[in-house]
Amino acid sequence: MARTTDNASASATSANSSITNVAALANVSIATVSRVLSGKRTKDDDIARRVRAAAAHLNYSVNYAASALRSTVTNTIGLVIPTANDPFCAQLLDEIEPVIDVDSQQLLLGIGGDQTTQIQRIESLVDRHVDGLIVLPAWEAYLSAELEHYASTLPIVQVGGRQCSFRTSMVSVDENAAMEIVIGHLAERGIASVAYMAGKEISFESAELFTMFHTQMRAHHLATETEWNKFGDRSVQRGFDCAMRLFSEPLVQPEAVVCADDAIAFGVMVALHSLGLRVPEDVLVVGYNDSPIARTTMPPLTSVRPPFKQIVSEALRLLNDGPDGPDRPAHISLAPQLIVRESTNYQR
């Protein structure tokens, strides 16, 4: 038994050495060699040609390569998200799982709501030898060092947030375009004033959207007031409380409310109803994420829909190219879509 084990170890060492030599000669990663020789990387470019040339030069046979590749390609993709309860994360999961399954791959999920936990989840997935990693950073999670550490050997794609590493690719939603289409839509409805209920103040995304809100308001000659525009949690309770304060006072009130999340917008609509104000006749309301709640409010909620299908498609394409693909690192910004429903279906 001892001799059999030693022979197996020697064989494995020889195989690993061979694929390592091919990778070194082609100046690519072992994972890229695996993808090229297994046919998973279909692009016929300079990288693919270098790998095939190196394999031929080292007499690295296709059949032998296939045997070695079975130990280096796991057909698993790692996904790290802050929470499964967030509408964006939930809808991304719904979109990516069927795509992964069609490709005969498995999705390994790591959930971490803070920096320490997300780093642990990333390390755990790397230890499981995933073929690629998709990361949605948690709020206030700084993952630069962790992503930089693995970027040279593992294809990593960040989705959303502030870019953690310039050595990894990123797929994001064009938030500026989102705010532009929202304010443009409200201006077309003939409203003159808008309030904005933003996300967390410390968040980079929230601050950027807040700035874009004011830019678009000026561009469309619409009015707003400092006391109308608040940062806070993306929750129904926050939306309800803010709307109760905003619309209970006998002051000038906004004709429309733009919310950073559908949950906030739902809270706003509940508060308006309790105050005897009608949506959209008295106040127009817009949400974000086009979550299931947007289709079940009364009236149904106009909301910004992130391009989930495109996000998944681009992220998987970049993972398939490997850590040293010709397009890496790439930053792809995708335009969202405004789904217009009855909450803004009123012309002033």
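The values are calculated or read from the model by the stated rules, or taken from the named source; none is laboratory data. Remember, it's a predicted structure, so these values are computed and weren't measured experimentally. With ideal geometry, Cβ positions are generated from the backbone for all residues, glycine too; neighbour counts draw on all protein chains shown. For the accessible areas, the whole protein counts, side chains as well, though only heavy atoms, and no ligand, DNA or RNA atoms are used. Shrake-Rupley method; radii C 1.70, N 1.55, O 1.52, S 1.80 Å.
Does segment 188-203 include one or more residues that are under 29 Å from Phe240 (Cβ atoms), assigned to a strand (DSSP E or B), at pLDDT 85 or above and charged (D, E, K, R)? No, because not a single residue in segment 188-203 is under 29 Å from Phe240 (Cβ atoms), assigned to a strand (DSSP E or B), at pLDDT 85 or above and charged (D, E, K, R). Based on this model, can you work out whether Gln253 counts as over 20 Å from Thr344 (Cβ atoms), open to solvent by 50 Å² or more (accessible area, probe 1.4 Å) and not small (Gly, Ala, Ser)? Spelling it out, it is not the case that Gln253 is over 20 Å from Thr344 (Cβ atoms), open to solvent by 50 Å² or more (accessible area, probe 1.4 Å) and not small (Gly, Ala, Ser).
Checking each residue in segment 82-117 for being more than 23 Å from Glu146 (Cα to Cα), more than 14 Å from the chain's Cα centre (by Cα) and in a loop (DSSP other than H, G, I, E, B) picks out Asn85, Asp103, Ser104, Gln105.
Counting the residues of segment 253-286 that are in a helix (DSSP H, G or I) and either of a type outside the set (Ser, Thr, Tyr) or under 25 Å from the mean Cα position of the chain (by Cα) (or both) gives 12. Within segment 307-318, the residues that satisfy the criterion of being open to solvent by less than 60 Å² (accessible area, probe 1.4 Å), in a helix (DSSP H, G or I) and closer than 16 Å to Leu92 by Cα are Phe308, Ile311, Val312, Glu314, Ala315, Leu316. Scan segment 139-149 for residues that are among the charged types (D, E, K, R) and outside any loop (DSSP other than H, G, I, E, B) and jot them down. Residues satisfying the conditions are Glu146, Glu148.
Condition check: under 27 Å from Leu92 (Cβ atoms), of a type in the set (Ser, Thr, Tyr) and open to solvent by 50 Å² or more (accessible area, probe 1.4 Å). Does Ser291 satisfy that? When the stated conditions are applied, Ser291 does not pass them. Of the candidates Ser303, Ser333, the single residue that is in contact (Cβ under 8 Å) with a residue 40 or more places away in the chain, surrounded by fewer than 18 Cβ atoms within 10 Å (Cβ to Cβ) and in a strand (DSSP E or B) is Ser333.
Results for (1) surrounded by fewer than 18 Cβ atoms within 10 Å (Cβ to Cβ); (2) under 25 Å from Pro307 (Cα atoms); (3) touching a Pro at 6+ places or on another chain (Cβ under 7 Å), shown as yes or no for each residue.
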| residue | (1), (2), (3) |
| --- | --- |
| Met179 | no, yes, no |
| Tyr196 | no, yes, no |
| Ser248 | yes, no, no |
| Val257 | no, yes, no |
| Asp262 | no, yes, yes |
| Leu272 | no, no, no |
| Glu281 | yes, no, no |
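Of all the residues in segment 34-62, those that are part of a loop (DSSP other than H, G, I, E, B), modelled with pLDDT of 75 or more and closer than 24 Å to Leu316 by Cβ number 2.
Can you name every residue in segment 206-234 that is β-branched (Val, Ile, Thr) and assigned to a loop (DSSP other than H, G, I, E, B)?
Passing the criteria: only Thr224.
Right, Ala31: at pLDDT below 80, of a type in the set (A, V, I, L, M, F, W, C) and closer than 30 Å to Val173 by Cβ or not? The answer is yes for Ala31. Taken over segment 198-246, the residue count meeting the criterion of being under 24 Å from the mean Cα position of the chain (by Cα), of a type in the set (Ser, Thr, Tyr) and open to solvent by 70 Å² or more (accessible area, probe 1.4 Å) is 1. Answer yes or no: is there a residue in segment 129-138 that is in contact with an Asp or Glu (Cβ under 8 Å, 6 or more places away or on another chain) and not in a helix (DSSP H, G or I). The answer is yes, given that some residue of segment 129-138 is in contact with an Asp or Glu (Cβ under 8 Å, 6 or more places away or on another chain) and not in a helix (DSSP H, G or I).
Only a single item in (1) without any contact (Cβ under 8 Å) to a residue 60 or more places away in the chain; (2) over 17 Å from Ile181 (Cα atoms) is not met by Arg341, and it is number (2).
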